[in-house]
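See below for the structure under consideration.
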Amino acid sequence: MSERIVVVGGGLGGVRSAERLREMGFDGQITILSAERHLPYHRPCLSKQIITGEWTPDDALLSFSGDLDAEWRLNSPALHLDPRKQSVWVPGGEEIKYDGMIIATGVDARAMGGAPRHDPRVHVLRTLDDAVAIRRNIRQSQGLVAVIGGGFIGCELACSIRHLGRDVALIVRSPALLGGVVGDDIGKKITEAHVEHGVRLATGVGIKHWVRQPGGIGIHLSDGQVFFASCVVLAVGASPAVDWLRGSGLDISDGVLCDSTNHVVGAENLVACGDVARWPNMRFNGVVRRVEHWLNAVEGGRAAAENLLVGRNHAKTYTPVPRFWTEQYGMRVQGAGLPVLGTDTTDVNGLTGFIANGKLVGIVGLESPGKIITETPELFRQNTVETNVPVWTQPQPAAAPEVLPTTMIPVPEPVAAHASSVPPSVSSSMSPPLQRRRHSRSRPEMVRVGGGRARP
């Protein structure tokens, strides 16, 4: 019987991990469970090109590389996991057995206490459908658009909405935009750019209460200001998508706890990657943390697939140097490392350098792509990985899982998605536990997904 690896999550991390499985020669069945109705798409464009209308939803779809040959189950979220039985349940009550699993469920938009979330004029931004709904509301309404939150998503949204010529209020609890992420100097420049482009900025404030009215929503702030908005977007962060893991016995406090090789603590043949994974990066002090960056989904997805195939005893530690960027009003901010760890700052060739315990742990630059490329190797040099670091290779036994809930919804028909390019060659020296030697296969034609044409 062919082995099966189940990838839970149809986003960037999930699809890149599935690609890596095929590149390494895994010839068993790959089943991808996705809570969404869309095939994988780029998320960075949701706060930019989708909002402005420069891209259509089809433009956002990811291209698949390699001979993926996966069974896609769209609109089919995982509902429950029993890691001891190596089983996952999906809508309709179906139990799916697996030989290996990759958890790549990402994050959900964080809830905001007191906000009238069920009002159709109040939105969050996490999915492609969220972005389309926000754009529709903006086009159909005439009043102020209020964005709550001054992180990357909130700032990019405010910029995109101003690009459409709409009046925008950006309401932020912190005293400056992005200050805790990019440093005070660059945060100040970003803040000034928003003001110069007409954003009505309220910083250092909280929201006392909301008032829903037929013509809009009143937002009463702690400093006495009141904004009346026809559209509200809550951009106050994200929470790991782990509800389906409750009762599994795994540690899911702030994400899925992994060892330093992507293997989930408390289970066998189970790895996690991307925003949902919490692991000790031995390059940066080994404290377990999550990293919510686009590139971590790519690199983490590939690393998780590799380490699943070779097995826990032969897995390599995952020790990336994170990189991130944002673009607002034509200004591009780029960073590398973990600036949040810094206790002091210094100048690094015109970049803001973040220092912790005498080491450079992060760099951020404004309109400095060349310098970022030049100085990033210094992060690797100053944050070397010791060869004898503990990686928690022995999993703790999982607690007995809870009884599976019986309330289910119908499961859609599975569909297949295939890629367009030839994968790189596979090293003949690799013989991991879950890997099978590949045979040649012909590519089937594209199929229809939910009434729309699936594309590779």
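Points to keep in mind about this one:
- The gain in end-to-end length when the Gln213 to Arg136 segment is fully stretched comes to 25.7 nm, 0.36 nm per residue minus the alpha carbon separation.
- Phi-derived couplings, Karplus 6.51 cos²θ - 1.76 cosθ + 1.60 at θ = phi - 60°, listed residue by residue for the range 168-177: 10, 10, 10, 10, 9, 6, 7, x, 8, 7 Hz, with x used for Gly and Pro.
- Computed E for His163/Asn285 - FRET, C-beta separation, R0 30 angstrom, nearest 0.05: 0.15
- Inter-label distance, nm, simple model (7 Å from Cα along the C-beta direction), Ser63/Ser239: 3.8 nm
- 3J(HN,Hα) from dihedral phi, the range 100-105, Karplus parametrisation 6.51/-1.76/1.60, rounded to Hz, x for glycine, proline: x, 9, 10, 8, 9, 7
- Global form of the range 39-133, assessed from the alpha-carbon gyration tensor, a/c cut-off 1.5: oblate
- Potential extension, Trp55-Val226 segment - 0.36 nm per residue separation minus Cα distance: 58.2 nm
- Taking amide H as placed 1.01 Å from N in the peptide plane, Gly362 has its amide H under 5 Å from the amide H of Leu338, Phe354, each at least 5 places away in sequence or on another chain.
- Leu46 sits among other residues whose Cβ lies under 13 Å from its own Cβ, and their net charge, with Lys and Arg +1 and Asp and Glu -1, is -2.
- Burial order of peptide ranges 125-131, 28-34 (average beta-carbon count within 10 Å, highest first): 28-34, 125-131
- Packing-based order for 218-228, 305-315, using average beta carbon neighbours within 10 Å, highest first: 305-315, 218-228
- Couplings 3J(HN,Hα) for the range 369-380, derived from phi with the Karplus relation 6.51 cos²θ - 1.76 cosθ + 1.60 (θ = phi - 60°), are x, x, 5, 4, 5, 5, 8, 4, x, 5, 5, 5 Hz, where x marks Gly and Pro.
- Among Ala111, Gln142, Trp72 - extreme Cα towards positive end, dipole of the range 51-169, charges at beta-carbon: Gln142
- Added length on full extension, which subtracts the Cα-Cα distance from 0.36 nm per residue, Asp344 to His314: 7.0 nm
- Residues with amide H under 5 Å from that of Arg289, placed H, sequence gap 5 or more: Trp279, Asn281
- Computed E for Thr374/Lys97 - FRET, C-beta separation, R0 41 angstrom, nearest 0.05: 0.25
Read-outs: derived from the displayed coordinates by stated rules, not from any lab. Quantities reported herein were computed from a predicted structural model and do not represent experimental measurements. With ideal geometry, Cβ positions are generated from the backbone for all residues, glycine too; neighbour counts draw on all protein chains shown.
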